[in-house]
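The values are calculated or read from the model by the stated rules, or taken from the named source; none is laboratory data. These figures come from a predicted structure and were not determined experimentally. So basically every Cβ, Gly included, is an ideal-geometry build from the backbone, and we count neighbours across all protein chains shown.
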Amino acid sequence: MVSKPSLFYLFAERRAASYKFLEDDKALIDDLKARKFDYVVAADLDFSSEELYLVPAIQKNEEHFTRIAYFENPPAYLLKLNR
């Protein structure tokens with residue numbers, strides 16, 4: 001699950017999808033699980049919906065994620081969604 005699935009596919013050659021832009025953090029997490037996402041990429045891109053929706057949902061619900069990797073340029077986390 002990424003914010004720009006088409007761009008992610010170009011580099012990773014893996015199928016990707018976007019999350020729903022929900023202000024309700026529990027509803028966002030529930031939707032990720034319902035859609036059977038395995039991984040989440042959260043990047044600090046300074047212009048994205050991630051700062052408004054995804055990052056706050058992750059921060060409020062850290063128990064639902066396991067950090068797999070951190071990348072420095074640009075700052076990004078690869079997280080596994082715990083089910």
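Applying the selection to segment 61-83, what residues are among the basic types (Lys, Arg) and surrounded by 13 or more Cβ atoms within 10 Å (Cβ to Cβ)?
Passing the criteria: only Lys80.
Do we have Asp31 as in contact with a Pro (Cβ under 9 Å, 6 or more places away or on another chain) and modelled with pLDDT of 90 or more here? Don't jump to the end; show me each part of the working.
Numbers: in contact with a Pro (Cβ under 9 Å, 6 or more places away or on another chain): no; modelled with pLDDT of 90 or more: yes.
No; evaluated as a whole, the condition is false for this residue.
I want to confirm something. Restricting to segment 53-83 and keeping residues that are aliphatic (A, V, I, L, M) and over 18 Å from Ala34 (Cβ atoms), which single residue is modelled with the lowest pLDDT? Full working, then the answer.
Within segment 53-83, the subset aliphatic (A, V, I, L, M) is 54-55, 57-58, 68-69, 76, 78-79, 81.
Those left that are additionally over 18 Å from Ala34 (Cβ atoms): 55, 68-69, 76, 78.
On the way: Val55: 91, Ile68: 95, Ala69: 94, Ala76: 87, Leu78: 91.
Looking at the filtered set, the residue picked out is Ala76.
Out of the residues in segment 14-28 that are closer than 16 Å to Leu78 by Cα and either surrounded by 14 or more Cβ atoms within 10 Å (Cβ to Cβ) or of a type outside the set (Lys, Arg) (or both), which is modelled with the highest pLDDT?
Going through the qualifying residues, I end up with Tyr19.
Considering segment 43-60 alone, what residues qualify as being surrounded by fewer than 16 Cβ atoms within 10 Å (Cβ to Cβ) and touching a residue at least 12 places away in the same chain (Cβ under 8 Å)?
Asp44, Leu45, Ser48, Ser49, Leu52, Pro56, Lys60 - these are the residues of segment 43-60 that are surrounded by fewer than 16 Cβ atoms within 10 Å (Cβ to Cβ) and touching a residue at least 12 places away in the same chain (Cβ under 8 Å).
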